[in-house]
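Engineer: Just passing along the structure, written as structure tokens.
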Amino acid sequence: MERMVALAQAEAAQAVSDARENAARLLADARRSAETTVSEAQVQATATTAAARAEAERLVAEGQAEADEIRRRARSDAEALTRETQQATNDERRRAEHDARVAVATAEEKAREVIEDARAEADRTQARARTMLEEAETIRAQALDEAEETRRRAQADADEKIAAASAHAESLVAEATAEVARVRAEAERSTRELVQRRDQIAVQLEALRRSLGLQVGAASAGGTQGAGSADAHAARADSGHDEGNQA
């Protein structure tokens, strides 16, 4: 019985241990996947932002350089003109400055658009990372639930096996107790019969001794009557012995 209970407990403990190891492995995999996803998303977002910032700075620098070049050419043209064409030169300079301002504004607008696009892409990347992290958390929760369900089932199975083993053991003990009681009762009955038989034999022996004693006394007195009486006593003794054997 103890061996059956021990085996059931060992099977239950092994099932619970396997369930816990499975849950721990699933949880570790989910956590590693989530951490990897978040790390990759952060790296991608950082790289995208850095690239956008570099592109914006390049565009601004190009616009500024273009504006400086336009200003330089405008000044050179203005200095080359004569006073007679001063008004035309002024108009040209104003147009050049206007063009330079437009170029700078265009470059700045492009830079802002690039930065906004980079920020939007970074936001989308972070949103995807959050979604993946939520999925990882969901997977982890499911793994924990499955592990708990597995542990519960294993515990229930172990309890059932232990209960069955205990019931079987109790049944065996009850059967053994009943068998011992039956054997004891039979032994006591046999003992009583033997004692009864012994007492009967003792009575028969005592009767035989008395009969033999009487026969010896009659023989010493002599006569045919004594012999006949001895025969009668012997017949009675034999009859009593036979009855004792039959009993």
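The values are calculated or read from the model by the stated rules, or taken from the named source; none is laboratory data. Not measured: the values here are computed from a predicted model. We place every Cβ from the backbone using ideal geometry, glycine too, and count neighbours over all the protein chains shown.
Engineer: Give the residue, chosen from ILE139, ILE115, that is surrounded by 15 or more Cβ atoms within 10 Å (Cβ to Cβ) and either of a type in the set (D, E, K, R) or more than 30 Å from ARG25 (Cα to Cα) (or both).
Structural biologist: Residue meeting the stated conditions: ILE115.
Engineer: Also, I was wondering about something else. Can you pull out every residue in the range 1-56 that is touching a Lys or Arg at 6+ places or on another chain (Cβ under 9 Å) and closer than 30 Å to ALA167 by Cβ?
Structural biologist: Those that are touching a Lys or Arg at 6+ places or on another chain (Cβ under 9 Å) and closer than 30 Å to ALA167 by Cβ: MET4, VAL5, LEU7, ALA8, GLN9, GLU11, ALA12, ALA15, VAL16, ALA19, ARG20.
Engineer: Looking at the range 22-56, which of its residues are of a type outside the set (A, V, I, L, M), loosely packed, with under 14 Cβ neighbours inside 10 Å and closer than 12 Å to ALA143 by Cβ?
Structural biologist: If the condition is that a residue be of a type outside the set (A, V, I, L, M), loosely packed, with under 14 Cβ neighbours inside 10 Å and closer than 12 Å to ALA143 by Cβ, then ARG25 is the only one that fits.
Engineer: How many residues, within the range 64-84, are modelled with pLDDT under 80 and either exposed (fewer than 15 other Cβ atoms within 10 Å of the Cβ) or in a helix (DSSP H, G or I) (or both)?
Structural biologist: 11
Engineer: Turning to a different aspect of this structure: Does the range 44-56 include one or more residues that are β-branched (Val, Ile, Thr) and farther than 19 Å from ILE115 by Cβ? Please lay out each step first, then the result.
Structural biologist: Residues of the range 44-56 β-branched (Val, Ile, Thr): 46, 48-49.
With the extra rule that they be farther than 19 Å from ILE115 by Cβ, the set shrinks to none.
Within the range 44-56, not a single residue is β-branched (Val, Ile, Thr) and farther than 19 Å from ILE115 by Cβ.
Engineer: From the list ALA167, ALA154, ALA178, which residue is touching a residue at least 24 places away in the same chain (Cβ under 8 Å), in a helix (DSSP H, G or I), farther than 23 Å from SER39 by Cα and out of contact with any Pro (no Cβ under 9 Å at 6 or more places or on another chain)? Break it down stepwise before answering.
Structural biologist: Working: ALA167 fails: touching a residue at least 24 places away in the same chain (Cβ under 8 Å); ALA178 fails: touching a residue at least 24 places away in the same chain (Cβ under 8 Å).
Residue meeting the stated conditions: ALA154.
Engineer: Counting just the residues of the range 120-136 that are surrounded by 13 or more Cβ atoms within 10 Å (Cβ to Cβ) and among the small types (Gly, Ala, Ser), which one comes out nearest to the chain's Cα centre (by Cα)?
Structural biologist: Across the range 120-136, the extreme among qualifying residues is ALA136.
Engineer: Are any of the residues in the range 54-61 more than 17 Å from ALA122 (Cβ to Cβ), in the same structural domain as ARG124 (by TED's automatic domain parsing), in contact with an Asp or Glu (Cβ under 8 Å, 6 or more places away or on another chain) and not hydrophobic (A, V, I, L, M, F, W, C)?
Structural biologist: No, the range 54-61 has no match at all.
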